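The values are calculated or read from the model by the stated rules, or taken from the named source; none is laboratory data. Predicted model, so just to flag it, every value in this text is computed and none were measured. Here the Cβ positions follow ideal geometry from the backbone for every residue, glycine too, while neighbour counts run over all protein chains shown. The accessibility values were calculated without ligands, DNA or RNA, using every heavy atom of the protein model including side chains. Shrake-Rupley method; radii C 1.70, N 1.55, O 1.52, S 1.80 Å.
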2 protein chains.
Amino acid sequence: MLKFEIEARAERSAARVGRLTVNGRTVETPVFFPVGTQGTVKGVAQKELIAHGVQGMLCNLYHLYLRPGIDVVEAAGGLHRFINWDRLIITDSGGFQVYSLKSLRKIEPEGVHFVSHLDGSSHLFTPENVIKMQMRLGADIAMVLDECVEYPTTFDYARSSMNLTLEWAKRSAKWLGQGTAIFGIVQGATFPELRVECARRLTELAFDGYAIGGLAVGEAKDTMFEMVDVCTRELPPDKPRYLMGVGFGVDIAKAVACGVDIFDCVMPTRNARNGTLFTESGRLVIKNTQYSQDNRPIEEGCDCYTCRNFSRSYLRHLHISGELLSPMLNSIHNIRYYTRLMSRVRDAIRDGQFEEFVAELQAKQAEENDIV
Amino acid sequence: MLKFEIEARAERSAARVGRLTVNGRTVETPVFFPVGTQGTVKGVAQKELIAHGVQGMLCNLYHLYLRPGIDVVEAAGGLHRFINWDRLIITDSGGFQVYSLKSLRKIEPEGVHFVSHLDGSSHLFTPENVIKMQMRLGADIAMVLDECVEYPTTFDYARSSMNLTLEWAKRSAKWLGQGTAIFGIVQGATFPELRVECARRLTELAFDGYAIGGLAVGEAKDTMFEMVDVCTRELPPDKPRYLMGVGFGVDIAKAVACGVDIFDCVMPTRNARNGTLFTESGRLVIKNTQYSQDNRPIEEGCDCYTCRNFSRSYLRHLHISGELLSPMLNSIHNIRYYTRLMSRVRDAIRDGQFEEFVAELQAKQAEENDIV
């Protein structure tokens, strides 16, 4: 069902290159999954994702459960057929979305009661039903239900929440080995001892892979990396590791150095819609007047459809005019930026140059801040 | 500069198949041009237009003049390069847009004073400057400045307006033979004698082609076709004829029967955004509950990207979820519906079956009303 082969390792960090295969669908890791919450990566057709090197998509149980509903997707033959995407699909359990609802949800040992953001109807997610629903969707990788705690939080709250997450994880582990890979999620807020304990106890449950959750929610970057490092040191080295929701290029590279294999984030598409474009030499804010007669592509040498065909001047015009083609072309470029970044990450690890690569990327990030 | 060869004619109507070449860019007529007002067909990337058989695009001087401005487009090497579109481009002079501004414009013999809908700035379009600006844009076919009169109107107003349009046409004709094809526009509201007079007097000016304007503005369909018929009978048979803004399938076919060669309309893309899809057996309103678990494509046998890859169920989900992919996929299908319709129109004329084709299309339109 899930096979993970490590093909190369960095010498001076925990970074590794691997091949992850689930249900016959293979991705090269480290890998970045764009977010297709509702079964579509916003503004990018499936064939463009493939043409631009996307290996997998992160979809969301919470959203798909509410709309169009699990029955509809199941009747279509599962999510891969419903959205016409034959590459890897991870579904998030909805824990994070429910956590974001705040006043609309109530967490109990049984599960989480919540009210739909769409129509106010009442629902219950349990560790059991979220796994079953993700299996009905036909996800390749399902995520357990967890509780994401707010930042900052107290040690006591974080510990009791972690225990709940672990209790839920145990109830989820019953479905291991039944066709859908299941990943446990390490919680523990910003408390290293809780992260260690959570990682160890999850490891005992022998999940197919492990995610690190509850980060990038407001804590300092150093704290975030400390937590990532603490988790990856405890997690089994032969299983894939997934850092949820972290998508800034340099952060990805630094997390790879800690031994993370899988990433997802809305950054490429959300920024594209806002007119912020990623390039090797920094971010480019397309609405800026300086691009009004700039006939160069977003990024010289970029092989994406947008850069091969359209100028900054045209892209600025589309953005300012509010044309649909603006998020479409911008998203294609940003998606390609991410797939190329990950490809370079893998090459750098294979070539024994990964630490230099990370240092170079960080140096460029400094520039980047100026360009914005 | 402009070459128009008629290759086949229907026996029982004025319909004809032709090849129109302007500046080395050829289209087969009758042809439908999707509208790319601001230099983009809403929601459809240029390569998808090409992949789905689009032969040309109608852009708009009024909009491009206001934003990004003629200078920007000129600096990019002209509109074809700016928008990366090497097929035919017709630019509308903006007469219709200015007419739509109503309270924001004032028509005088010199030209039309108007206030920008974007920032309230004041502008003047004259017969001379609109042609010069369209030439600077690098349009293949430029339209003269005209006055579109409201419907209904009096004979006296329509006659004086027509005389102004003719006076303006005369001033525009000075630029004939200078690299950009220029089309005159027949006005005259719903008065056959004015239409005849306008067509005759425009013909004396020897434009490269002739448009029929001021129709589909609220008059009855029968009146519209009477006017089209009156105009095409007067216009020189060896020049291309363009019926502006008429885009309903059956209306196109009936106008082709009157001898019209070129069409444009926002219908395919605007309807796509509203979730209305065109099929051979009628219109399909994708939000309808009946499609929630319908795993068929929009139209069986359609070769568009959308129909080859996605179900009605998925398209309904995208529409209801407000996803960008919804207008994207819907527009591709509707555009393909139009290019296929025009291809069938041409085949039917060549095969001597055009009148049967029109009758069949009308019969389907009756069905279509039921499906909506």
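Some notes on this structure:
- Checked against the criteria, A:Tyr151 counts as in a loop (DSSP other than H, G, I, E, B) and either surrounded by 23 or more Cβ atoms within 10 Å (Cβ to Cβ) or among the hydroxyl-bearing types (Ser, Thr, Tyr) (or both).
- Only listed residue being under 30 Å from A:Gly77 (Cα atoms) and touching a strand residue (DSSP E or B) at 6+ places or on another chain (Cβ under 9 Å), chosen from B:Gly275, B:Gly245, B:Gly249, B:Gly259: B:Gly275
- Within the stretch B:253-267, residues that are among the hydroxyl-bearing types (Ser, Thr, Tyr) have Cβ atoms under 7 Å from residues that are open to solvent by 10 Å² or more (accessible area, probe 1.4 Å) and part of a strand (DSSP E or B) in no pair, counting only partners at least 6 apart in sequence or on another chain.
- Any chance A:Gly275 is open to solvent by less than 10 Å² (accessible area, probe 1.4 Å) and more than 9 Å from chain B (Cβ to nearest Cβ): yes
- Residue in the stretch B:312-326 that is nearest to A:Arg273 (Cα to Cα), counting only those that are within 8 Å of chain A (Cβ to nearest Cβ) and surrounded by fewer than 24 Cβ atoms within 10 Å (Cβ to Cβ): B:Leu324
- Conditions (1) away from every other protein chain (no Cβ under 14 Å); (2) in a loop (DSSP other than H, G, I, E, B); (3) hydrophobic (A, V, I, L, M, F, W, C); (4) closer than 19 Å to A:Tyr338 by Cβ; number of the one not met by A:Phe33: (2)
- Only a single item in (1) surrounded by fewer than 21 Cβ atoms within 10 Å (Cβ to Cβ); (2) under 22 Å from B:Gln134 (Cβ atoms) is not met by B:Ala181, and it is number (1).
- Residue list for the stretch B:287-311, restricted to those being within 20 Å of A:Gln46 (Cα to Cα) and more than 10 Å from chain A (Cβ to nearest Cβ): B:Arg296, B:Pro297, B:Ile298, B:Glu299, B:Cys302, B:Asp303, B:Cys304, B:Cys307
- Residues being in a helix (DSSP H, G or I), out of contact with any Leu (no Cβ under 7 Å at 6 or more places or on another chain) and either more than 23 Å from B:Gly36 (Cβ to Cβ) or without any contact (Cβ under 8 Å) to a residue 60 or more places away in the chain (or both) - total across the stretch A:270-319: 15
- Of all residue pairs spaced 6 or more apart or on separate chains, those with beta-carbon atoms under 6 Å, a first member in the stretch A:321-344 that is assigned to a helix (DSSP H, G or I) and a second member that is basic (Lys, Arg) and modelled with pLDDT of 95 or more are A:Pro327/A:Arg273.
- Enumeration of residues in the stretch B:38-54 that are in contact (Cβ under 8 Å) with a residue 60 or more places away in the chain, part of a loop (DSSP other than H, G, I, E, B) and over 19 Å from B:Val345 (Cα atoms): B:Val41, B:Lys42, B:Gly43, B:Val44
- Selection from the stretch B:88-147 of residues that are in a loop (DSSP other than H, G, I, E, B) and among the aromatic types (Phe, Trp, Tyr): none
- Filter result (within 12 Å of chain A (Cβ to nearest Cβ) and open to solvent by less than 10 Å² (accessible area, probe 1.4 Å)) within the stretch B:327-347: B:Leu329, B:Asn330, B:Ser331
- Conditions (1) touching a Pro at 6+ places or on another chain (Cβ under 8 Å); (2) closer than 20 Å to B:Gly18 by Cβ; number of the one not met by B:Glu226: (2)
- Residue in the stretch B:35-73 that is surrounded by the most Cβ atoms within 10 Å (Cβ to Cβ), counting only those that are within 17 Å of the chain's Cα centre (by Cα) and of a type in the set (Gly, Ala, Ser): B:Gly36
- Residues of the stretch B:131-147 that are open to solvent by 10 Å² or more (accessible area, probe 1.4 Å) and either out of contact with any strand residue (DSSP E or B) (no Cβ under 7 Å at 6 or more places or on another chain) or hydrophobic (A, V, I, L, M, F, W, C) (or both): B:Lys132, B:Met133, B:Met135, B:Arg136, B:Gly138.
- Some residue of the stretch A:229-242 being part of a loop (DSSP other than H, G, I, E, B) and within 13 Å of the chain's Cα centre (by Cα): no
- Residues that are more than 17 Å from B:Phe263 (Cα to Cα) and of a type in the set (A, V, I, L, M, F, W, C) were ranked within the stretch B:217-242; the one that is most open to solvent (accessible area, probe 1.4 Å) is B:Ala220.
A quick yes/no check of all residues on (1) assigned to a helix (DSSP H, G or I); (2) open to solvent by less than 20 Å² (accessible area, probe 1.4 Å); (3) under 29 Å from A:Leu79 (Cα atoms):
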{"residue": "A:Ala158", "(1), (2), (3)": "yes, yes, no"}
{"residue": "A:Leu164", "(1), (2), (3)": "yes, no, no"}
{"residue": "A:Ala169", "(1), (2), (3)": "yes, yes, yes"}
{"residue": "A:Lys174", "(1), (2), (3)": "yes, no, yes"}
{"residue": "A:Gly177", "(1), (2), (3)": "no, no, yes"}
{"residue": "A:Ile185", "(1), (2), (3)": "no, yes, yes"}
{"residue": "A:Arg200", "(1), (2), (3)": "yes, no, no"}
{"residue": "A:Leu215", "(1), (2), (3)": "no, yes, yes"}
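- Screening A:Ala189 on (1) more than 21 Å from A:Met135 (Cα to Cα); (2) within 16 Å of the chain's Cα centre (by Cα); (3) among the small types (Gly, Ala, Ser); (4) surrounded by 24 or more Cβ atoms within 10 Å (Cβ to Cβ) shows it passes everything except condition (2).
- Qualifying residues in the stretch A:65-101 (those that are more than 29 Å from B:Cys307 (Cα to Cα) and small (Gly, Ala, Ser)) - the one nearest to the other protein chains (Cβ to nearest Cβ): A:Gly94
- Residues in the stretch A:87-118 that are among the aliphatic types (A, V, I, L, M) and either closer than 22 Å to A:Ala189 by Cα or open to solvent by 60 Å² or more (accessible area, probe 1.4 Å) (or both): A:Val98, A:Leu101, A:Leu104, A:Ile107, A:Val112, A:Leu118.
- Taken over the stretch B:1-34, the residue count meeting the criterion of being crowded, with 22+ Cβ neighbours inside 10 Å and under 16 Å from the mean Cα position of the chain (by Cα) is 8.
- Selection from the stretch A:292-307 of residues that are crowded, with 23+ Cβ neighbours inside 10 Å and farther than 22 Å from A:Glu360 by Cβ: A:Thr306
- Note on the stretch B:74-111: residues that are more than 22 Å from the chain's Cα centre (by Cα), farther than 28 Å from B:Asn23 by Cβ and in contact (Cβ under 8 Å) with a residue 12 or more places away in the chain amount to 4.
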